[in-house]
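See structure below.
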Amino acid sequence: MSKRVDSWVVTDEFWQRVEPLVPQRALVPGKQYVRKPGAGRPAKPARQVFEAIVFVLRTGCQWKALPAERFGSASAIHKRFLEWEKAGFFEAVWKAGLAEYDEMQGIAWRWQSVDGAMMKAPLAQEAVGPNPTDRGKKGGSKRHLLVDGRGVPLSLVVSGANVHDCKRLDAVLSAIVIKRQDPSHRRNKHLCADAGYRGAEHLRAIEGHGYIPHVVSRRKETEIKRRNPKLKARRWVVEVCHSWFNRFRKLLVRYEKLERSFLALNHLAAAIIAFRKVPLNVNIIYG
């Protein structure tokens, strides 16, 4: 029987794809660096930092709860995390995952889906708002996703829970992280959404981005499927993608105070989802 591998393990194959994208620390212009022989601690290895970030993302533990015997100083790990976020590292990993997925499998551009999902955000200070169904609850956040026909995330936007999905529709459709060649026919670009996106303004926004809109309620979608079982349900893949994000316990409930920190963790989760869709003989992502 093969040995079970924990979901937060960074394999050599995964690290080979990530390492070239790691930002290099640059010297501050004009600053005088004085270092005595043997003084100070060397910087943590990049792989150790990345493994710690994946550990936090997968397990949902607090940054301060990182196992010191394995990762060392948690504050040093978090400092490097913020440096990498500022350098755009996590979005770059997501783009790399999508590029490899597109090369090996081909992004299913023709049928795309969009939707939002709320999560609790008790400590958030940015991109947070009152629960729209129960204002007595603490603030929450919302993740807006655009996915391809297999549920792989192509675009991601974070907002407060009180922001309606339609208010972020144009932002989501404009934030696709990998460029697609314009399809030869308009019928090769469809967008599926639930009834919450119904309305002349929202339909114009969808059509303005070159999509053929398919905005139907869940009941109507079920009725159409029942009348013709051969038809393939397409909108549900975005809901499946949200459930994949929720498997990363750090994203199930948002404890990140800053929007950029929470967004960076979502980008890394999106990258892992994309890499898991790459058809290879070696499983580069566990869990």
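The values are calculated or read from the model by the stated rules, or taken from the named source; none is laboratory data. These numbers come from a predicted model, not from an experiment. No Cβ is skipped: glycine too gets one built from the backbone with ideal geometry, and neighbour counts run over all protein chains shown. Just the protein is used for accessible areas: all its heavy atoms, side chains included, with ligands, DNA and RNA removed. Shrake-Rupley method; radii C 1.70, N 1.55, O 1.52, S 1.80 Å.
Figures for the structure shown
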| item | result |
| --- | --- |
| Degrees separating the helix 218-227 axis from the principal Cα axis of the chain, which is the longest one | 60 degrees |
| Calculated [θ] (222 nm, deg cm²/dmol) that DSSP helices of n ≥ 4 give over the chain, each run adding -39,500 (n - 2.57) | -11500 deg cm²/dmol |
| Length released on extending from R150 to R247, taking residue separation times 0.36 nm less the Cα-Cα span | 33.2 nm |
| Restraint check, K220/K277; K79/K142; K31/K257, Cα-Cα greater than 28 Å | K220/K277; K31/K257 |
| Derived scalar couplings ³J(HN,Hα) [segment 138-150; Karplus, 6.51 cos²θ - 1.76 cosθ + 1.60; whole Hz; x for Gly, Pro] | 5, x, x, 10, 9, 9, 9, 10, 10, 10, 7, x, 9 |
| Using θ = phi - 60° and Karplus 6.51 cos²θ - 1.76 cosθ + 1.60, couplings along segment 247-264 (whole Hz; Gly, Pro as x) | 6, 8, 5, 6, 9, 5, 10, 7, 10, 6, 6, 8, 4, 5, 5, 5, 5, 4 |
| Principal-axis tilt of helix 89-104 within the chain, Cα atoms, nearest 10 degrees | 50 degrees |
| Options [x] 15.9; [y] 15.0; [z] 20.4 - which one matches mean projected area of the Cα convex hull in nm² as calculated here | [z] |
| Net length gained if the chain between E223 and D12 were fully extended (0.36 nm per residue, minus Cα distance) | 71.2 nm |
| Using θ = phi - 60° and Karplus 6.51 cos²θ - 1.76 cosθ + 1.60, couplings along segment 106-120 (whole Hz; Gly, Pro as x) | x, 5, 7, 5, 4, 10, 10, 9, 9, 5, x, 9, 8, 9, 5 |
| Per residue solvent-accessible surface (Å²) - the chain, probe of 1.4 Å | 56 Å² |
| Approximate spin-label separation E207-A26, in nm, with each point projected 7 Å along Cα-to-Cβ | 4.6 nm |
